[in-house]
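Report on the following structure.
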Amino acid sequence: VQEVLFPLFFLFWLILMSMMHPHRKYEEVPNTDLGPLDTSVLVNFVIGYTPPTPMAREIMKKVAFDNFEDGLITEEYLSEEELEEASFLKPSNFVGVVFKDSMSYQLRFHDSIAMSSIYTESR
């Protein structure tokens, strides 16, 4: 009796939980022109990155000069430890980028790490 009722109990429990927290479908948001980027907040902004591979250099060059008129300051570091030390010296205007491979990276701020992800959860 236990072998039959116990799985049925869990099945009932899963169905009940899924009914209590239904998935929400959000409507599409129309395209809007956000206007030009305010680059005044990016004055003396430093982006450090590691490892200094040719692919990482190319990506950072594109980020710094193709998207901003004056360009951002980019600095390359040989290791994550050097990048972390630099973030402690320049906490207010420093963001670190750690390239894991050619398709993934981590953003490192002074007090936290932001993960990149292909998959995003609904909010």
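The values are calculated or read from the model by the stated rules, or taken from the named source; none is laboratory data. Here the structure is a predicted model, which is why all the values come from computation and not from measurement. A quick note on method: Cβ atoms are made from the backbone with ideal geometry, for glycine too, and the neighbour counts reach across all protein chains shown. Please note that ligands, DNA and RNA were not included when accessible areas were found on the heavy atoms of the full protein model with its side chains. Shrake-Rupley method; radii C 1.70, N 1.55, O 1.52, S 1.80 Å.
With respect to (1) among the aliphatic types (A, V, I, L, M); (2) at pLDDT 85 or above; (3) under 23 Å from the mean Cα position of the chain (by Cα); (4) open to solvent by 90 Å² or more (accessible area, probe 1.4 Å), the lone exception for Val41 is condition (2).
Per this entry, Glu75 is not counted among residues that are open to solvent by less than 100 Å² (accessible area, probe 1.4 Å), at pLDDT 80 or above and outside any strand (DSSP E or B). In the range 88-114, the residues that are modelled with pLDDT under 75 reach residues that are surrounded by fewer than 10 Cβ atoms within 10 Å (Cβ to Cβ) and among the aromatic types (Phe, Trp, Tyr) with C-beta atoms within less than 8 angstrom, at least six apart or across chains, in these pairs: His110/Phe88.
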